[in-house]
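Working notes, beginning with the structure itself.
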2 protein chains.
Amino acid sequence: MMEELKGKRKEIKDITLKILELVKKRLKLAKEIGDIKRKLNLPVEDYNVEAELKREVIDYCNRENLDPQLGLKVLSLLIQESIKLEKENDTFTLSKVIQEAKRLEKEGKEVIHLEVGELDFEPVKEALEGIKEGLRKGLYRYSDAKGDLELRSRLAKEFNQIYSLNLKEDNILITPGGRFALYLTFKSLLKMGEEVIGFEPIYPPYRQICELEGIRFIPIRTELEKGWSPDINLVQKNISKLTRMMIINYPNNPTGKILSRKEMEELIGIAKDWDLFILNDEVYSSFSFKGPFNSLLTFNYDKSIVISSFSKSHSMSGFRVGYIIAKEETIDKMVKLQSLMITCMPPFLQYSALKALEAKTKKFVEEVKRRAEEVSKRLKDLPVRFYEPDGALYIFPEVIKKEFNSDKFVKDMLYKHGVALASGKNFGDYPKNFRLSLCQPIERLLESIDKMKKELE
Amino acid sequence: MMEELKGKRKEIKDITLKILELVKKRLKLAKEIGDIKRKLNLPVEDYNVEAELKREVIDYCNRENLDPQLGLKVLSLLIQESIKLEKENDTFTLSKVIQEAKRLEKEGKEVIHLEVGELDFEPVKEALEGIKEGLRKGLYRYSDAKGDLELRSRLAKEFNQIYSLNLKEDNILITPGGRFALYLTFKSLLKMGEEVIGFEPIYPPYRQICELEGIRFIPIRTELEKGWSPDINLVQKNISKLTRMMIINYPNNPTGKILSRKEMEELIGIAKDWDLFILNDEVYSSFSFKGPFNSLLTFNYDKSIVISSFSKSHSMSGFRVGYIIAKEETIDKMVKLQSLMITCMPPFLQYSALKALEAKTKKFVEEVKRRAEEVSKRLKDLPVRFYEPDGALYIFPEVIKKEFNSDKFVKDMLYKHGVALASGKNFGDYPKNFRLSLCQPIERLLESIDKMKKELE
């Protein structure tokens, strides 16, 4: 039997090397295809061709009784390797802007910060008091990885009241900020080689986390001309059997768009048809200027996931408290991962969030709304067009000028005028746009716009 | 040219399916090998055979000008798939114990918690005051993803003073707890298919994080009979060209072992020879009973990584503040990932940690040392043998009884006697051992041991 074992091991080795031989051949072909595409001026990534190939892999696996997950993983490795050969990125990224703004300030220069979405308001005082009270109560030991029961119950109650839902505490997971909530969602629900679709312009971490985890991010472009509404045909065309999740983010960063109920229904309809998770990042939900916001949860779709946090709504950015709402079995998967990765959240921070829920935050919303209106008015003197925001903390103007390059503009605004912005290229292929955040007092905002005007003349 | 493109796409498809055909063949072979192994009573995982195969893959890739990382990724997928077919796990895991203990308490039963390493002391008061002061100072905004400069400087100074080092603030990254520090280290330095070695018995998350990330964890057994010292020959035998990191954890959880300087030098020598990272998890460093502890950093090896936290040393478990010390370029990689995953840590928590460094914590160490001595004395009445701890918060006795099964013992102790313990099987193949933590007052500890005695009679 030892001899048989040896023989089979030799066979395993030979097959392994034969697989690699084919991998090599495949890379060579991919490179040749890349060359042809360049000559024909076609994009490097072709999601339709890719989706078809994935379908064939799944069919093959099903036919041959091989785990399709494994087939997809192998394919995903191969595809990512091919694309890596052909991409480059020289955007003046948001993190470079932040870094450079800091450097300039160290040198004694003044910078107006319109590059990040951090409100200039103090945190609600209930949050500050809440921490102290939590410490007095001795809430500083290891705690439930899912989050404090009282906070989860209270959040469930809050959502149930606002939206007439029927959430229970076990539908909620408390996380160290909305960013980690995203990471947990992707990491626990999606596997390497699977696909998500998302709408560009888009908050960059969605895509970055996908890249980190080998998940395929399929971007669907939206346009200012169409009021940043998703084109349903384009959505349909980009979904395949491999798509597992649709990511949306309304109120939107960077466009300020909020979809109508009908538009939401259309998207959810597609998610249902394809049995997709649909994730709405609702961190800006309290900043809705034209009427009450409708959470994704009100559409009553079983595979909905809502991410939110206290960072914007209660101006608690540095507290790092976020949460995820989803069906119980989905939350359970995430809790396991959260437990492995961070053990638990500080319980006194969660108590602080609990207390923060008692605060009145209407004044925050009113002030940001006023800023949006004033800034929109002033922007009309500039050679730009833009969507007047329905909500969130940003405006995303497009500059109407030939030869305009948003990276260059953002550099000039920072180095010549001391105004920090985010280039449109951070959010997708929007080289004519830039994002400004409404997180400074109105005078500073208007001052900045006057400087932009000067630069654009 | 369009025709050529079509033709090449067809070729890509054919090659992809041919690869999958071979993958299928390979899995079939792996299953047959598994069957033979079972008949011969050989273990499912054979690290030597695996290492040889990986060597051949690397050689092939180098010869054929194919990226060896890609080759390893493909192989890693295949190997993990094969092993998945043949494993099972029915341990009464630590998390089950914790869950069950909670359930019993809810039912009104009393439980003595010796299952987790959370000290029964109050956090140092400087930490509690520090949070309040940090809030008064307005430290509640987004902050540097690397951590607060003042805390990093102060930690560098602290280590430089204690160990005569030359650390700078950029050698340090502040993390939300030691657990996340581990995750960041693995995720930013190791790729799928690469290997780490670690010494069993071992704290389970090391292995679990590897499994999550597709990193191969190669366990090296240590034995009570050899005073839990690593067998250098065994280490040599288990390292391959694929090994990237050696994980150590002294003072050790669960054994309480601290290696001698000579033993450390031997391990570091091997790490140097193979150009490995060496990670020491030093969260228990302040709990050293037989003289001052020597950090891994004192051995002056460039690829050293030290993880630590305030959870044990300052009894700040629920504050979730940990840190990583390594060379600057290593820290930089980790910072990128931390920024993507959690944005930043709450700055007032970091201020609290800064203040905690002013606290005197000698009384914690003395109390735990006393507990270790008293418990060791009392354990001598039981049919067990064990290593009297040099440090940390645990004792890991082995029961000298035929037919003893630690899972069953842990269940009996919990359900019959209300004492929560951790089975040896959590830490590797140690079905005769159990771990008790020294995190309860001495009377409770002795009472628990009397109950164990009863159960073992």
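The values are calculated or read from the model by the stated rules, or taken from the named source; none is laboratory data. Please read these numbers as outputs of a predicted model, since none were measured by experiment. Cβ coordinates were reconstructed from backbone atoms using ideal geometry, including for glycine residues, and neighbour counts include every protein chain displayed. To get the accessible areas, we keep the full protein, side chains included, count just its heavy atoms, and leave off ligands, DNA and RNA. Shrake-Rupley method; radii C 1.70, N 1.55, O 1.52, S 1.80 Å.
Restricting to the stretch B:405-417, name every residue that is farther than 23 Å from B:GLU200 by Cα and open to solvent by less than 10 Å² (accessible area, probe 1.4 Å). I'd like the intermediate steps shown before the answer.
To start, the set of residues in the stretch B:405-417 that are farther than 23 Å from B:GLU200 by Cα comprises B:412-417.
Within the stretch B:405-417, B:MET413, B:LEU414 qualify.
Which residue pairs have Cβ atoms closer than 7 Å, lie 6 or more positions apart in sequence or on different chains, and pair a first residue in the stretch B:155-171 that is closer than 18 Å to B:PHE310 by Cα with a second residue that is among the aromatic types (Phe, Trp, Tyr) and modelled with pLDDT of 95 or more?
From the stretch B:155-171, the pairs are B:LEU155/B:TYR323.
Suppose we filter the stretch A:6-29 for residues that are more than 7 Å from every other protein chain (Cβ to nearest Cβ) and within 40 Å of the chain's Cα centre (by Cα); how many remain?
Step one: of the stretch A:6-29, the residues more than 7 Å from every other protein chain (Cβ to nearest Cβ) are A:6-7, A:10, A:14, A:21, A:27-28.
From what's left, within 40 Å of the chain's Cα centre (by Cα): A:21, A:27-28.
Here the count works out to 3.
Of everything in the stretch A:41-68, what is modelled with pLDDT under 80, open to solvent by less than 60 Å² (accessible area, probe 1.4 Å) and more than 7 Å from every other protein chain (Cβ to nearest Cβ)? Give them in sequence order.
A:VAL44, A:GLU45, A:ASP46, A:TYR47, A:GLU50, A:ALA51
Of the conditions (1) open to solvent by 10 Å² or more (accessible area, probe 1.4 Å); (2) more than 11 Å from chain B (Cβ to nearest Cβ); (3) under 30 Å from A:PRO431 (Cα atoms); (4) in contact (Cβ under 8 Å) with a residue 60 or more places away in the chain, A:ILE232 fails just one. Which one is it?
Just one mismatch for A:ILE232, condition (4).
Please enumerate the residues belonging to the stretch B:379-404 that are touching a residue at least 12 places away in the same chain (Cβ under 8 Å), more than 13 Å from B:LEU436 (Cα to Cα) and surrounded by fewer than 17 Cβ atoms within 10 Å (Cβ to Cβ).
Once the filter is applied, which keeps residues that are touching a residue at least 12 places away in the same chain (Cβ under 8 Å), more than 13 Å from B:LEU436 (Cα to Cα) and surrounded by fewer than 17 Cβ atoms within 10 Å (Cβ to Cβ), the stretch B:379-404 yields B:ASP381, B:PRO383, B:ARG385, B:ILE400, B:LYS401.
Go through (1) within 13 Å of B:ASN249 (Cα to Cα); (2) open to solvent by 10 Å² or more (accessible area, probe 1.4 Å) and name the single condition B:PRO205 misses.
The number of the failed condition is (2).
In a loop (DSSP other than H, G, I, E, B), open to solvent by 20 Å² or more (accessible area, probe 1.4 Å) and farther than 25 Å from B:MET345 by Cα, is that true of A:ASN160?
Answer is no for this residue.
Tell me which residues, restricted to the stretch B:190-225, are of a type in the set (D, E, K, R) and in a helix (DSSP H, G or I).
Listed by number, the residues that qualify are B:ARG207, B:GLU211, B:GLU213, B:GLU225.
Given the criteria within 11 Å of another protein chain (Cβ to nearest Cβ) and buried (at least 18 other Cβ atoms within 10 Å of the Cβ), does A:LEU173 qualify?
In short, no.
Look at B:SER315 and say whether it is crowded, with 19+ Cβ neighbours inside 10 Å, in contact with a helix residue (DSSP H, G or I) (Cβ under 6 Å, 6 or more places away or on another chain) and not in a helix (DSSP H, G or I).
Details: crowded, with 19+ Cβ neighbours inside 10 Å: yes; in contact with a helix residue (DSSP H, G or I) (Cβ under 6 Å, 6 or more places away or on another chain): no; not in a helix (DSSP H, G or I): yes.
Considered against the rule, which asks whether it is crowded, with 19+ Cβ neighbours inside 10 Å, in contact with a helix residue (DSSP H, G or I) (Cβ under 6 Å, 6 or more places away or on another chain) and not in a helix (DSSP H, G or I), B:SER315 comes out as no.
Take A:GLY198 and tell me if it is buried (at least 19 other Cβ atoms within 10 Å of the Cβ), farther than 19 Å from A:ASN426 by Cβ and touching a helix residue (DSSP H, G or I) at 6+ places or on another chain (Cβ under 6 Å).
For A:GLY198, the condition - buried (at least 19 other Cβ atoms within 10 Å of the Cβ), farther than 19 Å from A:ASN426 by Cβ and touching a helix residue (DSSP H, G or I) at 6+ places or on another chain (Cβ under 6 Å) - is not met.
Is it the case that the stretch A:109-130 has a residue that's modelled with pLDDT of 85 or more, assigned to a helix (DSSP H, G or I), away from every other protein chain (no Cβ under 11 Å) and within 30 Å of A:LEU354 (Cβ to Cβ)?
Taking the stretch A:109-130 and keeping what is modelled with pLDDT of 85 or more, we get A:109-130.
Filter once more, so that each one left must be assigned to a helix (DSSP H, G or I): A:125-130.
In the following step, the residues that additionally are away from every other protein chain (no Cβ under 11 Å) were identified as A:126.
Keeping just the survivors that are within 30 Å of A:LEU354 (Cβ to Cβ) gives A:126.
Yes: one or more hits.
When residues of the stretch B:30-39 are filtered for being open to solvent by 60 Å² or more (accessible area, probe 1.4 Å) and facing another protein chain (nearest Cβ under 7 Å), how many remain?
Going through the stretch B:30-39 one residue at a time, the tally reaches 1.
Counting only residues that are within 17 Å of A:ASN253 (Cα to Cα) and either more than 21 Å from the chain's Cα centre (by Cα) or modelled with pLDDT of 95 or more (or both), give me the helices (runs of 4 or more DSSP H) lying completely in the stretch A:337-438 with at least 3 of them.
On the way: elements: A:347-356, A:362-379, A:406-417.
Where helices (runs of 4 or more DSSP H) fall fully within the stretch A:337-438 and carry at least 3 residues being within 17 Å of A:ASN253 (Cα to Cα) and either more than 21 Å from the chain's Cα centre (by Cα) or modelled with pLDDT of 95 or more (or both), they are A:362-379.
If you take the residues in the stretch B:318-337 that are of a type in the set (A, V, I, L, M, F, W, C) and touching a Pro at 6+ places or on another chain (Cβ under 9 Å), which one is surrounded by the fewest Cβ atoms within 10 Å (Cβ to Cβ)?
Checking each candidate, the answer is B:VAL321.
Taking the stretch B:235-264, which residues are assigned to a helix (DSSP H, G or I) and surrounded by 14 or more Cβ atoms within 10 Å (Cβ to Cβ)?
Result: B:VAL235, B:ASN238, B:GLU263, B:MET264.
So which of B:LEU149, B:LEU128 ends up being touching an Asp or Glu at 6+ places or on another chain (Cβ under 9 Å), outside the structural domain of B:LEU393 (by TED's automatic domain parsing) and either hydroxyl-bearing (Ser, Thr, Tyr) or open to solvent by 60 Å² or more (accessible area, probe 1.4 Å) (or both)?
B:LEU149
Checking A:GLU282 against (1) among the charged types (D, E, K, R); (2) touching a helix residue (DSSP H, G or I) at 6+ places or on another chain (Cβ under 9 Å); (3) touching a residue at least 60 places away in the same chain (Cβ under 8 Å); (4) open to solvent by less than 20 Å² (accessible area, probe 1.4 Å), which test does it fail?
Every condition holds for A:GLU282 apart from (3).
In this structure, does A:GLY291 turn out to be part of a loop (DSSP other than H, G, I, E, B) and surrounded by fewer than 21 Cβ atoms within 10 Å (Cβ to Cβ)?
Judged against the criteria, A:GLY291 is a match.
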